[in-house]
Amino acid sequence: MKPAFLPYQPASEFFTDELCYITELSNSAADEAMSVALARVAPGVTTRWHSLHNTAERYVILSGQGMAEIGDEAPRAVGPHDVILIPAGCRQRIRNTGSDDLLFYAICTPRFLPENYLDLEAG
């Protein structure tokens, strides 16, 4: 890895089939070890059940309120400053239970690759 500065580009936000908005903050071959995305879930929305093959993920809640479901664990209420650890291959989803957007960092190790994403609700 070489030193680099990656400026924030809010216009790069996109909507996913998972039902959330993503802004990739860092996801490149220049840093294979990890990626960082800003995720935004609108009020009342539950993301689709999914897992990441060969990729561990951490959610760091920035603002809003939610209910996280990870693997076979009981659903847990989450809010600002909570961290959720999601092992590789573990099913996951999150629901926004508040009246404002639920914002969190999604940090993947190694970096997120679309081919490692598995939609567990696909028919």
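Counting the residues of segment 39-50 that are open to solvent by 10 Å² or more (accessible area, probe 1.4 Å) and either assigned to a strand (DSSP E or B) or among the acidic types (D, E) (or both) gives 2.
Number of residues in segment 74-89 that are in contact with a Leu (Cβ under 8 Å, 6 or more places away or on another chain) and either assigned to a loop (DSSP other than H, G, I, E, B) or open to solvent by 80 Å² or more (accessible area, probe 1.4 Å) (or both): the value is 3.
Among the residues of segment 88-96, are any within 21 Å of P10 (Cβ to Cβ) and at pLDDT 95 or above? Within segment 88-96, one or more residues are within 21 Å of P10 (Cβ to Cβ) and at pLDDT 95 or above.
For segment 17-38, state whether one or more residues are part of a loop (DSSP other than H, G, I, E, B), of a type in the set (S, T, N, Q) and either in contact with a Gly (Cβ under 8 Å, 6 or more places away or on another chain) or open to solvent by less than 40 Å² (accessible area, probe 1.4 Å) (or both). There is no residue in segment 17-38 that is part of a loop (DSSP other than H, G, I, E, B), of a type in the set (S, T, N, Q) and either in contact with a Gly (Cβ under 8 Å, 6 or more places away or on another chain) or open to solvent by less than 40 Å² (accessible area, probe 1.4 Å) (or both). One residue stands out among those in segment 1-24 that are in contact (Cβ under 8 Å) with a residue 24 or more places away in the chain and of a type in the set (A, V, I, L, M): the one that is farthest from L118 (Cα to Cα), which is A4. Taking residues in segment 51-73 that are open to solvent by less than 30 Å² (accessible area, probe 1.4 Å), and partners anywhere that are in a strand (DSSP E or B) and of a type in the set (K, R), the pairs with Cβ atoms closer than 9 Å and at least 6 places apart or on different chains are G64/R40; G66/R95; A68/R76; A68/R93; A68/R95; I70/R76; I70/R93.
The values are calculated or read from the model by the stated rules, or taken from the named source; none is laboratory data. All values derive from a computational prediction rather than experimental measurement. For neighbour counting, all protein chains shown are included, and Cβ atoms are generated from backbone atoms with ideal geometry for every residue, glycine included. For accessibility, only protein heavy atoms count, side chains too; no ligands or nucleic acids. Shrake-Rupley method; radii C 1.70, N 1.55, O 1.52, S 1.80 Å.
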